[in-house]
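Just below is one structure, and these are the notes that go with it.
The values are calculated or read from the model by the stated rules, or taken from the named source; none is laboratory data. Please read these numbers as outputs of a predicted model, since none were measured by experiment. Don't worry about glycine lacking a Cβ; one is built from the backbone with ideal geometry, like all the others, and counts go over all protein chains shown.
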Amino acid sequence: MAITEVFPNPTVTGVHFEIRFPSLFFIEQRIGDFQTKIMDKFPESSLVLRRRVIFADIGPEGKLEPPPGDTTAITKMWNFKSGTGVELNVLSDSLALHSTRHKTYNNPNSDERFRDIIACVTESFFQIAPIPVISRLGLRYIDECPVLKKENKTFQKWYKTTFPLSRFNLADAREMVFRATVSKKGHFIRFMESLYCKNATDILVLDFDGFAEKVKSGDCLAVTDKLHKLISDEFEASIRDPVYKFMRKR
């Protein structure tokens, strides 16, 4: 069952949503219409020009030719900001939301639900760009979790870890990383658990990246709901009671 509780001290530090689609040649002509639809939630806007950088070892006599059909190597990105920790980036082949503000996906008792922002943005975008099929849809949560004591017994009381602690002692580790990408219920989830030191403090990062391919635009929210359920289940499968108590502390 997906977590619905809104924690006063959550471990989540970033939530991301992205859809990818074939390049839309008309996007620049319609981006103004899209901007007016979302302006109340994203009042800050800018156009970012990004130049493609190619690193290649061509030797002393070599000559670097531009990629076929690439004359400018410039990509336009339309950036919109809420001013409160939510950012939206639109390119000719993708739309991405990033939030450091939202702490719940769809809790009815909260006025700030990440699902509502996804619904608003995608509905407005599909009105100006009626895409029949999304190539890839992704939802990602990144949690930075506390490590109060860097030793096996305490760590295992807090986390249902994937680390091979029976072989490698946590106290001796400079870093530990586990990564897996698996198919679940017709979709996919990439899970990464990593331990590292941040500002002289040990941190456990739990990274959940759910994604689906070839999604009908009309099914966008329904599929996102399913990905959130997969991520929530994996988060619950990674933590124990002391983590819940930590997140409930004000």
* **Which listed residue is closer than 16 Å to PRO146 by Cα, surrounded by fewer than 18 Cβ atoms within 10 Å (Cβ to Cβ) and touching a Pro at 6+ places or on another chain (Cβ under 8 Å), from LYS198, LYS157** => LYS157
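Yes/no matrix, rows are residues, columns are (1) among the small types (Gly, Ala, Ser); (2) buried (at least 17 other Cβ atoms within 10 Å of the Cβ); (3) at pLDDT 80 or above:
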| position | (1), (2), (3) |
| --- | --- |
| ASP57 | no, no, no |
| MET77 | no, no, yes |
| LEU88 | no, yes, yes |
| LEU95 | no, yes, yes |
| ARG101 | no, no, yes |
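Looking only at region 230-239, decide whether some residue is in a strand (DSSP E or B) and either more than 26 Å from TYR105 (Cα to Cα) or touching a residue at least 60 places away in the same chain (Cβ under 8 Å) (or both). Explain how you work it out, then say what you get.
Here is the first cut: in region 230-239, the residues in a strand (DSSP E or B) are 239.
Checking the rest, the ones that are also either more than 26 Å from TYR105 (Cα to Cα) or touching a residue at least 60 places away in the same chain (Cβ under 8 Å) (or both) come to 239.
Looking for residues that are in a strand (DSSP E or B) and either more than 26 Å from TYR105 (Cα to Cα) or touching a residue at least 60 places away in the same chain (Cβ under 8 Å) (or both), one finds at least one in region 230-239, hence yes.
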* **Segments classed as strands (runs of 3 or more DSSP E), wholly inside region 105-221, with at least 2 members that are among the β-branched types (Val, Ile, Thr) and within 19 Å of the chain's Cα centre (by Cα)** => 133-146, 176-184, 201-216
* **Test for PHE211: is it within 22 Å of ASP116 (Cα to Cα), surrounded by 17 or more Cβ atoms within 10 Å (Cβ to Cβ) and among the hydrophobic types (A, V, I, L, M, F, W, C)** => yes
* Asked: Restricting the search to region 80-126, which residues are among the small types (Gly, Ala, Ser) and over 18 Å from ASP225 (Cα atoms)?
  -> SER82, GLY83, GLY85, SER92, SER94, SER124
* Please work out which one of (1) farther than 23 Å from THR36 by Cα; (2) at pLDDT 90 or above is the condition LEU64 fails and give its number. => (2)
* Which condition number does SER217 fail, the rest of (1) in contact with a Pro (Cβ under 8 Å, 6 or more places away or on another chain); (2) under 18 Å from TYR141 (Cα atoms) being met? -> (2)
* To do: Output the number of residues of region 1-24 satisfying the condition of being at pLDDT below 95 and more than 30 Å from ASP241 (Cα to Cα).
  => 0
* Structure fact -> Checking ILE3, ILE31 in turn, the sole residue that is outside any strand (DSSP E or B), among the hydrophobic types (A, V, I, L, M, F, W, C) and more than 20 Å from LEU97 (Cβ to Cβ) turns out to be ILE3
